[in-house]
Amino acid sequence: HNNQLQHSEKMEIISELAASVAHEVRNPLQVTRGFLQLLIEKGNEDDKGKKYMALAVEELDRAANIITDFLTFAKPQIEDVTVLDIGAELHQIEGMILPMVRLQGGQIQMDIPPALYIHGNSSKFKQALINVIKNSIEALQIEGEIHIWAYEEAGQIIMHIKDNGEGMEPVALGKLGEPYFSMKTKGTGLGLMVTFRIIEVMEGTIEFKSEKGVGTEAILRFPAVSES
Ligand code: ADP
Ligand code: MG
C-alpha cells in the first residue's frame, strides 16, 4: 500500500515536469522553424540547401505534433479531479477545433443537453477528446461533417463523435491505441494511446465503429455523477 502511494506521487511529479518541459520546448521549436522558413524564403540557398531546410522544418513539425498529442492541455500544476460539466468542456473544445474544421472545409454539429456530469481532470479530459476529434477532422473529405452528441443513460454519460471521413479497414480498427500505430505520413501514432490511458484512469470506456469510405464513430462512456 505504501509503495502504491509513493508510485502515484512519483507519477504526479513526472506529469508536472512533463507539462513544464512541453511549454518550455514549444517556444524554441517555433522560433527555429520561423528562422528556417525565413532562410528558405530569402532564396540565397541552392536547391540542396533548400531541401535540407525543408526537411528540418518537417522534423520540427513532427516534434511539435508529439507535444500536441501528449500535452496540449497540460498545465504545470497539480492535476485535480473535479466534477466536469460535459457541455461546458465540449464548448471550450469546439472553440479550439473550429478553425481546424474550417480549414478542412468541414462542418461540426454539437448536441449536448445541460446537466451532464462526470468525474475527472478537466485538462486530461480535453486532451483525450481533442485527440479523437482531431482524427475525425484529419479524416474528412469533401462535404465533411462531424457530429458530436451526448446523453445520460442507466447511470452513464454516453458521448458519440461521428464523422463521414475516410473510415478504416478492420485491421486498422484493431490497432487503435497501439503506440506508434499511424496510417498518416505525418502522424505520431500517439494520439489515441494517450486518449485510451486517460479514459481508463477516469474509469470510462471507448469503442470505435468504422467503415472504409463511409466514416467513423467513437462512443465514450463514463460513470455519471450528480452535480454536488
Ligand atoms: P495519428 O493521428 O498521429 O496517426 P492516432 O493514435 O491519433 O495517431 O490515430 C491512429 C490512426 O488511427 C490514424 O493514423 C488513422 O489511420 C486511424 N484513425 C483514427 N481515427 C480515425 C478516424 N476518425 N477516421 C479514420 N481513421 C482514423
Ligand atoms: Mg491523431
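Report, to the nearest 10°, how far helix 191-201 tilts away from the longest principal axis of the Cα atoms in the chain, using its own Cα long axis and a range of 0 to 90°. Here the helix axis deviates by roughly 20 degrees.
Dipole size of the range 87-147 about its Cα centre, with +1 on Lys/Arg Cβ and -1 on Asp/Glu Cβ: approximately 260 debye, rounded to the nearest 20.
The H on the amide N of Ala224, modeled in the peptide plane, is under 5 Å from the matching H of Gln156, Ile157, each at least 5 residues off or on a different chain.
Within the range 58-175, the proportion of C-alpha pairs whose separation exceeds 24 Å stands at 34%. Are there any GluC sites (Glu not before Pro) in the range 119-202 that are in a DSSP loop and have at most 11 other Cβ atoms within 10 Å? List them by number. Here the sparse-neighbourhood loop sites are Glu143. Pairs exceeding a 29 Å alpha-carbon distance, out of Lys50/Lys175; Lys48/Lys175; Lys134/Lys175; Lys42/Lys134; Lys10/Lys124; Lys184/Lys209: Lys50/Lys175; Lys48/Lys175; Lys42/Lys134. Along its three principal directions, the equivalent ellipsoid of the chain from the Cα gyration tensor extends over semi-axes of 33, 24, 16 Å, largest first. Highest mobility in the GNM of the chain, judged by mean-square fluctuation with C-alpha springs under 10 Å and restricted to Gly95, Gly43, Gly215, is found for Gly43. Per-residue ellipticity at 222 nm from helix content only, as computed over the chain with -39500 (n - 2.57) for each DSSP H run of at least four residues, stands at -18000 deg cm²/dmol.
Each of Asp69, Asp46 has some number of other Cβ atoms within 10 Å of its Cβ, and from fewest to most they run Asp46, Asp69. A straight line joining the Cα centroids of the range 114-176 and the range 184-228 runs 6 Å.
For the chain, give the magnitude of the charge dipole about the Cα centre (Cβ charges: +1 Lys/Arg, -1 Asp/Glu; no others), in debye to the nearest 20.
In total the dipole reaches around 680 debye.
Among Thr185, Thr72, Thr32, the largest mean-square fluctuation in a Gaussian network model of the chain (Cα springs under 10 Å) belongs to Thr185.
Return Lys126, Lys186, Lys209 ranked ascending by Cβ neighbour count within 10 Å, so the fewest neighbours appear first.
Fewest-to-most Cβ neighbours within 10 Å comes out as Lys186, Lys209, Lys126.
Counting every other Cβ atom within 10 Å of each residue's Cβ, Val201, Val31 order from fewest to most as Val31, Val201. The chymotrypsin sites (Phe, Trp or Tyr not before Pro) found in the range 154-228 that occupy coil by DSSP, while having at most 12 further C-beta atoms within 10 Å, are Tyr180.
Values in this text are rule-based calculations from the coordinates and carry no lab data. Remember, predicted model here, so these are calculated numbers, not experimental data. As a convention, Cβ positions derive from the backbone with ideal geometry for all residues, glycine included, and neighbour counts pool all protein chains shown.
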